[in-house]
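The values are calculated or read from the model by the stated rules, or taken from the named source; none is laboratory data. These numbers were taken from a predicted model, which means no experiment stands behind them. With ideal geometry, Cβ positions are generated from the backbone for all residues, glycine too; neighbour counts draw on all protein chains shown.
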């Protein structure tokens, strides 16, 4: 992949590829949060249908996604940002 270099009015340079990839990586967090919301909706539906065990399982899975998956994805996004900064200093 060839990187496109962007310059602002002050002559600062930015990596288009790094900006795009960072957006993609940051989007993983939102995706995991959507999965947790979906699982919570399933928990409510199961509870309404008097399926308490199933409802509890869905709720616990949603909590686990938020507690374990989201922080890991956030950490990976931060690592990517450090390794591949959007602003390029040595151009």
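Looking only at residues that are on the phi < 0 side of the Ramachandran plot and out of contact with any helix residue (DSSP H, G or I) (no Cβ under 9 Å at 6 or more places or on another chain) in segment 1-14, which one is surrounded by the most Cβ atoms within 10 Å (Cβ to Cβ)?
Restricting to residues being on the phi < 0 side of the Ramachandran plot and out of contact with any helix residue (DSSP H, G or I) (no Cβ under 9 Å at 6 or more places or on another chain), the top hit is 14.
From the list 37, 77, which residue is touching a helix residue (DSSP H, G or I) at 6+ places or on another chain (Cβ under 8 Å) and under 28 Å from residue 89 (Cα atoms)?
Selected residue: 77, the only one of 37, 77 that is touching a helix residue (DSSP H, G or I) at 6+ places or on another chain (Cβ under 8 Å) and under 28 Å from residue 89 (Cα atoms).
Please enumerate the residues belonging to segment 1-53 that are more than 30 Å from residue 79 (Cα to Cα) and either in contact (Cβ under 8 Å) with a residue 12 or more places away in the chain or not in a helix (DSSP H, G or I) (or both). Step through it out loud before you land on a result.
Taking segment 1-53 first, the residues more than 30 Å from residue 79 (Cα to Cα) are 41-53.
Matches in segment 1-53: 42, 43, 46, 49, 50, 51.
Which count do you get for residues in segment 74-86 that are in contact (Cβ under 8 Å) with a residue 24 or more places away in the chain and in a helix (DSSP H, G or I)?
Of the residues in segment 74-86, 5 are in contact (Cβ under 8 Å) with a residue 24 or more places away in the chain and in a helix (DSSP H, G or I).
Please find, within segment 54-73, the residue that is surrounded by the most Cβ atoms within 10 Å (Cβ to Cβ) out of those that are free of Cβ contacts under 8 Å to residues at least 40 places away in the same chain and within 26 Å of residue 21 (Cβ to Cβ). Break it down into steps so the answer makes sense when it comes.
Filtering segment 54-73 down to residues free of Cβ contacts under 8 Å to residues at least 40 places away in the same chain leaves 54-69, 71-72.
Remaining after also requiring within 26 Å of residue 21 (Cβ to Cβ): 65-66, 68-69, 71-72.
Working: 65: 19, 66: 17, 68: 11, 69: 17, 71: 12, 72: 12.
Restricting to residues being free of Cβ contacts under 8 Å to residues at least 40 places away in the same chain and within 26 Å of residue 21 (Cβ to Cβ), the top hit is 65.
Please specify each residue of segment 7-45 satisfying the condition of being over 22 Å from residue 71 (Cβ atoms) and at pLDDT 95 or above. Outline the logic, then answer.
Initial filter on segment 7-45 (over 22 Å from residue 71 (Cβ atoms)): 7-20, 41-42, 44-45.
Correct list: 41, 42, 44, 45.
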